[in-house]
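Scroll down for the structure; my scribbles are underneath it.
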Amino acid sequence: MLTLRGPKGPRRGPALADLGIIADGAVLIRDGVIVEVGPTRRIENLAAARGALEIAAHGRVVMPGFVDSHTHLLYPPRGPRAADAAGAARQWQASTARLLAARSFGFLDAMARHGTTTVEVKTGCDPGETASMKALRALNLLRQGPIEVVPTHLVRVPVGIEAVQAEEILTDVSPRILRRGLAAFADVWWEGSEPRAELCARFLEQAAACGLGVKVHAEGPGCAGAVALAVGHRAVTVDHLEHLTLDLVPLLADTYTMATLMPGAALDAWTPLAPARALIENGAAVALASNFNPHHSPTLNMQTVVGLACMRMGMSAAEAISAATINGAHALDRGDRVGSLELGKQADLLLLNVDDYRDLARSFGLNLVHLTLKAGTAIYREGAVLRAS
């Protein structure tokens, strides 16, 4: 049993590799909440365990559910890889919030099958108010799905847009959206333009004033400004960082702002990999996420993300698991509720078809999940393969 028990904050340095393992462990759940965790013999002898429904996990790894803290599940919509942005925008405009949600429930089901129990989903469709509100309404409907959905309002101001229009989007339209209370986070896409730094800063300040957590999207080259913006405004995370240079790594050492890395993102355009090893060794808090996008980044299996982080980023299996569970939870300000198997936390956990957690890093492309529990309720159970009669 990998409990991931430990300090209240995100795991850094050597602590990232501490999985809180109990060789023969058990967890007692009541009303969807963990009430006891410890050696199986002790838990079985508790008075509170009498009459409990037992789920046998002999020979299996038990661990917290994955927390995928960065996805673009809604936009751009699924379609040919050659489809242009204008076509995607037209398809979006022709859809209703209910239709967008209906198309996305299948992705949430697939995530549950592969062990994700909490997922962040960004809007990021169009900087206009109408499109953003449609996305947030769709995300609100997705909360009826099998896993927890954390909505983020992502603003990407198109390159080359007039300065007056950029200011309106970042400091007028977006705050009106954020005050509706449909988003948990506000995220701004840094595109490397220093003149817009002040506008981005005002956007983050207004989002924080609305009571939202703030994030910075740092996908492209020239991310020094994005890191400075994130750290200076106490952003919960700065995401991507594929172009982060080693001289910038110390800026994230021992700061409030976490680094969310996506090893699967580099598979699409053969972009560089974020310097995960340097970040960890310098004391930065690192989370892993899928960057799932149904159009051009269709990787939603967090087991694959863990494997890629180990194979391509130099992370150990233990570090990658911590980054994809407890640190993913902290990247969504939910570290006190999910991400580890500890007293008082929601019973989100997985049973895996392996007896060694390191197989998560070695079994690339397989689904090892036998059972997924969300708040103590089974939302996925491995079934038999049907054969023709």
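The values are calculated or read from the model by the stated rules, or taken from the named source; none is laboratory data. Computed from a predicted structure; not experimentally measured. Glycine also receives a Cβ, built like all others from the backbone with ideal geometry; neighbour counts cover every protein chain displayed.
In table form, for the structure just shown:
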| quantity | calculated |
| --- | --- |
| Hey, residue 148 surrounded by 14 or more Cβ atoms within 10 Å (Cβ to Cβ) and among the acidic types (Asp, Glu) or not | yes |
| Among (1) assigned by TED's automatic domain parsing to the domain that holds residue 118; (2) surrounded by 20 or more Cβ atoms within 10 Å (Cβ to Cβ); (3) touching a helix residue (DSSP H, G or I) at 6+ places or on another chain (Cβ under 9 Å); (4) not basic (Lys, Arg) - the single one residue 141 does not satisfy | (2) |
| Search result, residues across the range 98-120 that are more than 25 Å from residue 324 (Cβ to Cβ) and buried (at least 18 other Cβ atoms within 10 Å of the Cβ) | 100, 101 |
| The lone exception for residue 148 - which of (1) touching a residue at least 40 places away in the same chain (Cβ under 8 Å); (2) over 30 Å from residue 307 (Cα atoms) it fails | (2) |
| Helices (runs of 4 or more DSSP H) enclosed by the range 252-319 - at least 1 residues per element that are in the same structural domain as residue 124 (by TED's automatic domain parsing) | 302-313 |
| Failed item in (1) in a strand (DSSP E or B); (2) within 22 Å of the chain's Cα centre (by Cα), with residue 28 passing the rest | (2) |
| Long-range neighbours under 6 Å by Cβ, at least six apart or interchain, first residue at pLDDT 95 or above within the range 5-17, second not in a loop (DSSP other than H, G, I, E, B) and not charged (D, E, K, R) | 10/258; 10/327; 10/330; 11/322; 11/327; 16/322; 17/318 |
| Qualifying residue in the range 108-119 (condition: within 20 Å of residue 178 (Cα to Cα) and modelled with pLDDT under 95) | no |
| Residues located in the range 322-361, provided they are among the hydrophobic types (A, V, I, L, M, F, W, C) and within 22 Å of residue 9 (Cα to Cα) | 323, 324, 326, 329, 331, 332, 338, 341, 343, 347, 349 |
| Residue check, residue 123 β-branched (Val, Ile, Thr), at pLDDT below 95, outside the structural domain of residue 347 (by TED's automatic domain parsing) and crowded, with 19+ Cβ neighbours inside 10 Å | yes |
| Qualifying residue in the range 1-22 (condition: surrounded by 18 or more Cβ atoms within 10 Å (Cβ to Cβ) and in a strand (DSSP E or B)) | yes |
| Whichever residue in the range 127-138 is in contact with a helix residue (DSSP H, G or I) (Cβ under 6 Å, 6 or more places away or on another chain) and not hydroxyl-bearing (Ser, Thr, Tyr) and, among such residues, is modelled with the lowest pLDDT | 127 |
| Any chance residue 55 is among the β-branched types (Val, Ile, Thr), in a loop (DSSP other than H, G, I, E, B) and either farther than 29 Å from residue 237 by Cβ or not assigned by TED's automatic domain parsing to the domain that holds residue 184 (or both) | yes |
| Selection status of residue 171, of a type in the set (Ser, Thr, Tyr), in the same structural domain as residue 312 (by TED's automatic domain parsing) and farther than 22 Å from residue 297 by Cβ | yes |
| Qualifying residue in the range 86-100 (condition: touching a strand residue (DSSP E or B) at 6+ places or on another chain (Cβ under 9 Å) and among the hydroxyl-bearing types (Ser, Thr, Tyr)) | no |
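Here is a yes/no grid of residues against (1) free of Cβ contacts under 8 Å to residues at least 12 places away in the same chain; (2) part of a helix (DSSP H, G or I); (3) not assigned by TED's automatic domain parsing to the domain that holds residue 98:
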| residue | (1), (2), (3) |
| --- | --- |
| 157 | no, no, no |
| 161 | yes, no, no |
| 167 | no, yes, no |
| 197 | no, yes, no |
| 203 | no, yes, no |
| 208 | no, yes, no |
